[in-house]
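The values are calculated or read from the model by the stated rules, or taken from the named source; none is laboratory data. Please read all numbers here as calculations on a predicted model, not as lab measurements. All Cβ positions, even for glycine, are placed from backbone atoms using ideal geometry, and neighbour counts span all protein chains on display. Areas reflect the complete protein model, heavy atoms only, side chains present, ligands, DNA and RNA absent. Shrake-Rupley method; radii C 1.70, N 1.55, O 1.52, S 1.80 Å.
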Amino acid sequence: MLKITSIQLTEINLPLVHFFETSFGRTYERRIILVRVEDADGAEGWGEVTCGEVPGYSDEWTDSAWVTTEKILAPMVVGREVSAASEIFDLMNRARGHRMSKSGIETACWDLEAKKLGVPLWKHLGGVNREIACGVSIGLKDSTEALLESVGREIESGYQRIKIKIKPGRDAQLVEAIRRVFPDITLSVDANSAYSVETDTPLFQRLGEFNLLMIEQPLAPGDLVDHAKLQRAVATAICLDESIVSLANAEHAVELGACRIFNIKLGRVGGYSEAKDIESSARAHGIPVWCGGMLEAGIGRAHNIALSTLPGFTLPGDVSASERYWSEDIIDPPVTVSREGTIKAPTGHGIGFAVNEARVEALTVRRETLRF
Ligand code: OSB
Ligand code: MG
């Protein structure tokens, strides 16, 4: 039995070590909502809402997530009794969408449940990978030289796969420049929906010459049909990110032939219940998956590590070391990556990292608690 008696929201402002730029814009500082849930026994769990500061990647953003969680979602969960964390997502099903907000609460409940059981969350989820393979996502830079330098540094650190962001006008020439210096590295591109099948199919055909592992989300999120057209026209595997917000989307993508790989993000799909369903469906269909990132602080990062231990996660994800983002993370210890480009699944209970509450306090700009 699980009965959440309070949900506390905390907004922290956390400057990035280096700005991060995608086809939809540049971020210097994160505004992150942390979710702390507590039950009648005083047990606690932590989650992180992974939306951005503007509705660029998805339609959720920090302020919309705050009011939605406070006024709509938390009241659907606080004081309700369910048999397990796996039922929390369904408690919120009268609210359409807002999956990142739902995920903040849902993942916190899974952490609490694993802590009460006295097991690492990744084991509680059915994880099998004791070490996860790590790649990095490199944003758009001010110059090609800066990009090449960044690629070199990440390869030197041991990361197993490099992904670069592209946007119209800054695509093939970046890939070509990287391939000239690094002919053999495992390389992907992520377009964050910036292209169209009508005008850009020849570009993606040309990218086929560069032995890319995948092309991530070239077209609009809702456009599975156009992704299927593009996948038929190009040699490189298409990976869907923004398009896959539910198990139904994932199965439609497979049926249409819209991609050959999925990126799974906890926030985008509404938490572990849906993420696990997508992972097992993908595994049944022979679709490899990997865990995406949303520039998470430590709590979100810890949840991504747990998710990545599920058996279908066979490709290096975007889960990387805390130090790439933060001068000091909000968890202890921070996430570190081995020379082989791996992260060990933690042995501690729940998410397996302690929340540094003094650090959180110092970064807090607002707090709100909903009680039963
Ligand atoms: O598309 O994967 C994406 C960051 C913000 C929004 C969308 C994306 C990303 C990343 C960064 O690629 C992944 C990370 O390092 O957290
Ligand atoms: Mg992406």
**OP:** Examine region 138-153 for a residue that is within 16 Å of ligand 2 (Cβ to nearest atom), under 27 Å from residue 335 (Cα atoms), touching a helix residue (DSSP H, G or I) at 6+ places or on another chain (Cβ under 6 Å) and not polar (S, T, N, Q), and state whether such a residue exists.
**Re:** yes
Original post:
Within region 102-112, is there a residue that is in contact with a helix residue (DSSP H, G or I) (Cβ under 6 Å, 6 or more places away or on another chain), in a helix (DSSP H, G or I) and open to solvent by 30 Å² or more (accessible area, probe 1.4 Å)?
Top reply: no
**OP:** Please indicate, with yes or no, whether at least one residue in region 236-246 is open to solvent by 10 Å² or more (accessible area, probe 1.4 Å), within 16 Å of ligand 2 (Cβ to nearest atom), among the small types (Gly, Ala, Ser) and more than 12 Å from the chain's Cα centre (by Cα).
**Re:** yes
Original post:
How about region 236-282: which of its residues are among the β-branched types (Val, Ile, Thr) and either within 12 Å of ligand 1 (Cβ to nearest atom) or within 20 Å of residue 293 (Cα to Cα) (or both)?
Top reply: 238, 244, 245, 261, 264, 269, 278
Original post:
Which members of region 282-303 meet the condition of being open to solvent by less than 10 Å² (accessible area, probe 1.4 Å), assigned to a helix (DSSP H, G or I) and not charged (D, E, K, R)?
Top reply: 282, 298, 299, 300, 302, 303
**OP:** Could you check residue 110 against (1) closer than 23 Å to residue 289 by Cα; (2) within 16 Å of ligand 1 (Cβ to nearest atom); (3) of a type outside the set (Gly, Ala, Ser) and say which number it fails?
**Re:** (2)
**OP:** Scan (1) open to solvent by less than 20 Å² (accessible area, probe 1.4 Å); (2) away from ligand 2 (no atom under 16 Å from the Cβ) for the single condition residue 162 breaks and write down its number.
**Re:** (2)
**OP:** Examine region 250-264 for a residue that is modelled with pLDDT of 95 or more, surrounded by fewer than 21 Cβ atoms within 10 Å (Cβ to Cβ) and of a type in the set (S, T, N, Q), and state whether such a residue exists.
**Re:** no
Original post:
Residues in region 122-154 that are within 16 Å of ligand 1 (Cβ to nearest atom) and not in a strand (DSSP E or B): how many?
Top reply: 8
Original post:
Considering only residues of region 218-233 that are part of a loop (DSSP other than H, G, I, E, B) and open to solvent by 10 Å² or more (accessible area, probe 1.4 Å), which is nearest to ligand 2 (Cβ to nearest atom)?
Top reply: 221
Subject >> Selection count where residues are under 22 Å from residue 25 (Cβ atoms) and either at pLDDT below 95 or surrounded by fewer than 20 Cβ atoms within 10 Å (Cβ to Cβ) (or both), scope region 142-159 >> reply: 5
Subject >> Pick from region 325-341, criterion at negative phi and in contact with a strand residue (DSSP E or B) (Cβ under 7 Å, 6 or more places away or on another chain), ranking: surrounded by the most Cβ atoms within 10 Å (Cβ to Cβ) >> reply: 330
**OP:** Filter region 307-326 down to residues that are closer than 19 Å to residue 340 by Cα and outside any loop (DSSP other than H, G, I, E, B) and give me whichever is farthest from ligand 2 (Cβ to nearest atom).
**Re:** 323
**OP:** Search region 247-284 for residues being closer than 19 Å to residue 133 by Cβ and of a type in the set (D, E, K, R), and hand back the single one that is nearest to ligand 2 (Cβ to nearest atom).
**Re:** 265
Subject >> Complete set of residues in region 8-41 that are over 15 Å from residue 142 (Cα atoms), within 16 Å of ligand 1 (Cβ to nearest atom), open to solvent by 10 Å² or more (accessible area, probe 1.4 Å) and assigned to a strand (DSSP E or B) >> reply: 15, 16, 17, 29, 31
Subject >> All positions within region 342-361 that are in contact with a strand residue (DSSP E or B) (Cβ under 9 Å, 6 or more places away or on another chain) and of a type in the set (A, V, I, L, M, F, W, C) >> reply: 343, 345, 351, 353, 354, 355, 360
Original post:
Can you tell me how many residues in region 53-67 are open to solvent by 20 Å² or more (accessible area, probe 1.4 Å) and within 20 Å of residue 366 (Cα to Cα)?
Top reply: 6
**OP:** Working carefully through the options 337, 360, find the one that is touching a Cys at 6+ places or on another chain (Cβ under 6 Å), among the β-branched types (Val, Ile, Thr), in contact (Cβ under 8 Å) with a residue 40 or more places away in the chain and not in a strand (DSSP E or B).
**Re:** 337
Original post:
Which is free of Cβ contacts under 8 Å to residues at least 40 places away in the same chain and in contact with a strand residue (DSSP E or B) (Cβ under 7 Å, 6 or more places away or on another chain), of 70, 11, 48, 29?
Top reply: 29
